[in-house]
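J.: If you scroll down you'll find the structure; I have some questions about it.
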Amino acid sequence: MDIKNNPIGFFDSGVGGLSVMRESIAIMPNENYIYFGDSKNAPYGTKSLEEVRKLTFDAVEFLLMKNVKAIVIACNTATSAAIEDLRNKYTDIPIIGIEPAIKPAISLNKEGNIIVMATPMTLRENKFKELMNKLDDKGNLVPLPCAGLVEYIEQGILGGNDLESYLKEKLNPYLKPKIASVVLGCTHYPFVKRTISKVLGDDVAIIDGGHGTSLELKRKLKDKGELNASKEKGKIEIYNSNNDSKVIDFCYNLINTK
């Protein structure tokens, strides 16, 4: 079988990585996709580094058994914890990680603070700290740990009074002097982008790294000569560690959620 026809594997601690996979589907609709969400063990952002690393390696092994031609670690926390070790071990397959889209936020040149919403673990990890240190002099970067937000999304709560109250409590202290933009440093968060905009207003730019990650994935596959040449729409398979049909149905619905 031609490896070009093999699927691309996506992994996240739960449903969040679907926000990245849907960007890839938009860019490469003829590719085949396999998604594995580890909702049983979500959230990763409050676990230890070793726990996250082990769970991530287990997920990669699962995807490799499905004969994927590339793997996207569509989880900021898992990327921070394990991406370098994964690339060192699996040298014959492209492994793409994700990081908060701080550079695009800075490039907007808007006045005010750039709020970086992320899980507590992502903000603690060296990978994030190095990114912040490298870019801190180019913009007013404010890390904002959002413990609990992943759980809302995993439960299918993408709007409503409870979520709005949570977001107001987190974001209101930064409204003065001004918020220039918000960087969504967790792949779950794009699913509540509309609610964040409702809380902050349409003038605040909200940015995530899904599109850039998907472009990087396409570049890697093109360089290896492994882009699918089919003119047909690709297949999508979704797996979840919860083995719950309702979760799987929710995942398919999220792919079409904007």
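J.: Could you pull out the residue among 63, 86, 55 that is within 19 Å of the chain's Cα centre (by Cα), more than 18 Å from residue 15 (Cα to Cα) and surrounded by 15 or more Cβ atoms within 10 Å (Cβ to Cβ)?
T.: Being within 19 Å of the chain's Cα centre (by Cα), more than 18 Å from residue 15 (Cα to Cα) and surrounded by 15 or more Cβ atoms within 10 Å (Cβ to Cβ) holds for just one of 63, 86, 55, which is 86.
J.: Of the numbered conditions (1) closer than 30 Å to residue 84 by Cα; (2) without any contact (Cβ under 8 Å) to a residue 12 or more places away in the chain; (3) hydroxyl-bearing (Ser, Thr, Tyr), residue 165 satisfies every one except a single condition; which is it?
T.: For residue 165, the failing item is (1).
J.: For the stretch 50-66, enumerate the residues that are in contact (Cβ under 8 Å) with a residue 40 or more places away in the chain and within 26 Å of residue 155 (Cβ to Cβ).
T.: 52, 55, 56, 59, 62, 63
J.: In addition: Sort out which residues of the stretch 25-38 are in contact with an Asp or Glu (Cβ under 6 Å, 6 or more places away or on another chain) and either open to solvent by 10 Å² or more (accessible area, probe 1.4 Å) or within 16 Å of residue 5 (Cα to Cα) (or both), and write them in order of number.
T.: Scanning the stretch 25-38 gives a single hit, 34.
J.: Find all pairs meeting these conditions: Cβ atoms under 6 angstrom apart; at least six residues apart or on different chains; first residue within the stretch 8-24 and open to solvent by 10 Å² or more (accessible area, probe 1.4 Å); second residue among the polar types (S, T, N, Q).
T.: Every condition considered, the pairs that remain are 23/214.
J.: Find all pairs meeting these conditions: Cβ atoms under 6 angstrom apart; at least six residues apart or on different chains; first residue within the stretch 98-109 and under 17 Å from residue 137 (Cβ atoms); second residue part of a helix (DSSP H, G or I).
T.: 102/135; 106/138
J.: Oh, and also: Considering (1) in contact with a Gly (Cβ under 8 Å, 6 or more places away or on another chain); (2) modelled with pLDDT of 95 or more; (3) under 21 Å from residue 145 (Cβ atoms); (4) not polar (S, T, N, Q), say which one residue 53 fails and leave the rest.
T.: Result: residue 53 passes all but (1).
J.: Identify the single condition in (1) closer than 15 Å to residue 195 by Cα; (2) under 17 Å from the mean Cα position of the chain (by Cα); (3) without any contact (Cβ under 8 Å) to a residue 40 or more places away in the chain that residue 152 does not satisfy, given that it satisfies every other one.
T.: Answer for residue 152: the failing condition is (3).
J.: Please note which helices (runs of 4 or more DSSP H) are completely contained in the stretch 120-196 and include at least 1 residues that are open to solvent by 30 Å² or more (accessible area, probe 1.4 Å) and under 20 Å from residue 104 (Cα atoms).
T.: Here the list reads 126-135.
J.: Right, another one. Among the residues of the stretch 197-207, which ones are in contact with an Asp or Glu (Cβ under 9 Å, 6 or more places away or on another chain) and open to solvent by less than 40 Å² (accessible area, probe 1.4 Å)?
T.: Within the stretch 197-207, just 199 meets the criteria.
The values are calculated or read from the model by the stated rules, or taken from the named source; none is laboratory data. None of the values given here were measured: they were computed from a predicted structure. Methodologically, a virtual Cβ is constructed for each residue, glycine included, from the backbone with ideal geometry; neighbour enumeration extends over all protein chains shown. Just so you know, the surface numbers come from the protein's heavy atoms only, side chains and all, with ligands and any DNA or RNA stripped out. Shrake-Rupley method; radii C 1.70, N 1.55, O 1.52, S 1.80 Å.
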